[in-house]
1. Among the listed residues B:ALA102, B:ALA77, B:ALA117, B:ALA122, which satisfies the condition of being within 17 Å of B:GLY62 (Cα to Cα), among the small types (Gly, Ala, Ser) and part of a loop (DSSP other than H, G, I, E, B)?
2. Does region B:103-110 contain any residue that is of a type outside the set (Gly, Ala, Ser), buried (at least 17 other Cβ atoms within 10 Å of the Cβ) and within 14 Å of another protein chain (Cβ to nearest Cβ)?
3. Which of (1) touching a Gly at 6+ places or on another chain (Cβ under 6 Å); (2) part of a loop (DSSP other than H, G, I, E, B); (3) open to solvent by less than 40 Å² (accessible area, probe 1.4 Å) is the odd one out, the single condition A:SER160 does not satisfy?
4. Looking at A:PHE143 and the list (1) part of a strand (DSSP E or B); (2) within 14 Å of chain B (Cβ to nearest Cβ); (3) modelled with pLDDT under 95, which single condition is not satisfied?
5. From the list B:LYS39, B:LYS58, pick out the single residue that is under 25 Å from A:ALA95 (Cα atoms), exposed (fewer than 14 other Cβ atoms within 10 Å of the Cβ), at pLDDT 95 or above and not small (Gly, Ala, Ser).
6. Could you run through region A:120-136 and say how many residues are more than 8 Å from chain B (Cβ to nearest Cβ) and surrounded by 14 or more Cβ atoms within 10 Å (Cβ to Cβ)?
7. Quick one: count up the residues across region A:74-104 that are open to solvent by 30 Å² or more (accessible area, probe 1.4 Å) and within 14 Å of chain B (Cβ to nearest Cβ).
8. Checking A:GLU207 against (1) surrounded by 14 or more Cβ atoms within 10 Å (Cβ to Cβ); (2) modelled with pLDDT of 95 or more, only one condition comes out false. Which one?
Amino acid sequence: MKMIPFFGLVLLFLWSCGNPSTNAEKELKHLPFMGEPMLIQNDQGGVDTLWPALPAFTLASQTGDSITQLDLAGKIRVADFFFTSCPTICPMMSAQMLRIHERFGSNDQVVLISHSIDPEHDSVSVLADYAEKLGASAPGWFFLTGDMDLIFSLADAYGSFAEKDPNAPGGFAHSGALTLADRQGRIRGVYDGTNPEEVDRLILDMERLLAEAPDYGPEAVPVGLDYAQ
Amino acid sequence: MRSKSNLLLILGAFFILGFGALVLFLPKGEGATVKRGEKLYMEQCMNCHGKDGKGLGKLIPGLHHAELLQKERLICAIRYGKSGPLEVDGQVYNGQMPPNFALDDGEIRDIVNYVYAQFAEAPKSLDLPEVQDQLRNCAQANPRLQW
C-alpha cells in the first residue's frame with residue numbers, strides 16, 4: 001500500500017527529469033527569436049507578445065532599382081555589411097554568401113542582401129560590376145547602396161556593426177556577421193561569415209526556416225528607425 | 001628466455017618505428033620554411049585568394065596559374081601589391097591587392113615557398129638571397145614602387 005505513492009513519486013521524478021530535455025529538443029526544431037519580446041496590454045485585459053522585426057528602409061540595388069522592406073516580405077533573408085574595396089574579411093564573406101547564393105539561387109523564397117558600408121564609393125555601377133564579377137544576380141541577391149547613416153543603423157539593427165574608422169584597413173571597421181531573418185523579418189540567427197563551418201550551420205538553419213509555417217511564433221512588428229520614404 | 005627475446009623484439013620495433021617517424025616528420029630546413037609560410041599565408045593571403053588558392057570569381061585571381069607564380073610576379077606582388085588590368089587564361093582581372101611592408105624578406109620567402117609547395121605544378125623552394133635579389137629588382141623595375 002505504502003509502495004504505490006512511492007513508485008508514483010519515482011515515476012513523477014523520472015518523468016520530470018526526462019521531460020525538459022524532450023521539450024528542449026522540440027524547441028530546437030525551431031530557431032530561437034533574437035532580441036527582446038514586446039509585451040503589450042490588449043483590450044481584453046490580457047498581454048500580447050509581439051516581436052520586433054527589422055526596420056523599414058529604401059536603398060538602391062546594383063540594378064538601379066529602389067529596394068524596400070516590401071521587396072523582402074515573406075522571404076527568408078540573409079544580410080551582410082561589406083564594401084567593395086575592403087582589403088580584409090569582405091572577400092571571405094562574399095565567398096560564403098556566394099555559396100549560399102549557389103545553393104538557394106533558384107528559390108524565390110530566399111533573398112540575400114549585401115549592404116555597402118562605403119556607399120560614397122560603392123555606387124550602383126560599382127556594385128553592378130562587383131556583383132557580375134562575383135557571379136551574383138538579382139533578384140536572388142541584392143547589393144544595396146544609399147544613405148550611409150541609414151546603412152550604419154541597419155547594421156546595428158541586424159546585430160552586426162559598421163562605422164567609419166580612419167585607422168581600420170580600408171577606412172571602415174565592421175563585423176563579418178551574416179544575419180538570418182525569417183519571413184516576418186524577425187532575426188533568427190547571427191553567424192560568422194568568415195567561418196565556413198558556421199555558414200554550413202546557417203545553410204541548415206535556412207532549410208529549417210523554409211520548412212517553418214510563416215505565421216509561427218509571436219507576431220512581428222517593425223520597430224526602431226523607420227527611414228522608408 | 002623466449003619471452004625475454006620477444007620483449008626485446010617489441011622494444012626494438014618501437015625504437016625503429018619511433019625513430020623513423022621522427023626522421024619523417026621532423027621539419028627539415030625546407031619543411032620549416034613551408035610550415036611558417038602556411039601560417040603567414042592563412043593570415044595575409046587566405047582572406048582574398050582563399051584557403052585553396054582558388055581566388056574569388058572574376059574579382060580575385062586564383063594562384064594555380066603558372067604565370068602568376070613566376071617568381072618576379074609573386075615576390076613583387078607580396079611586398080608592393082598589384083593593381084590594374086591583369087589577364088590570365090583569357091580572364092581580365094582589375095582589382096587591387098594592397099602592398100604589405102610589414103613582412104620582412106624571410107617571411108616573404110616563407111610565403112613564396114608555401115605557395116610553391118601548395119599551388120605550383122612543379123613545386124620548388126627559394127632561399128633567402130634569391131628572394132632578396134628579386135625584391136631589389138622589383139623596386140628597380142618599377143620606380144613608382146620606390147618610396
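The values are calculated or read from the model by the stated rules, or taken from the named source; none is laboratory data. This structure is a prediction, so every number in the text was calculated from the model and none was measured. Reconstructed Cβ throughout: ideal geometry from the backbone, glycine too, with neighbour counts over all protein chains shown. Just the protein is used for accessible areas: all its heavy atoms, side chains included, with ligands, DNA and RNA removed. Shrake-Rupley method; radii C 1.70, N 1.55, O 1.52, S 1.80 Å.
1. On inspection, the qualifying residue turns out to be B:ALA122.
2. no
3. (1)
4. A:PHE143 satisfies all of (1) part of a strand (DSSP E or B); (2) within 14 Å of chain B (Cβ to nearest Cβ); (3) modelled with pLDDT under 95 except (3).
5. Unique residue meeting the criteria: B:LYS39.
6. Of the residues in region A:120-136, 9 are more than 8 Å from chain B (Cβ to nearest Cβ) and surrounded by 14 or more Cβ atoms within 10 Å (Cβ to Cβ).
7. Number of matching residues: 9.
8. (1)
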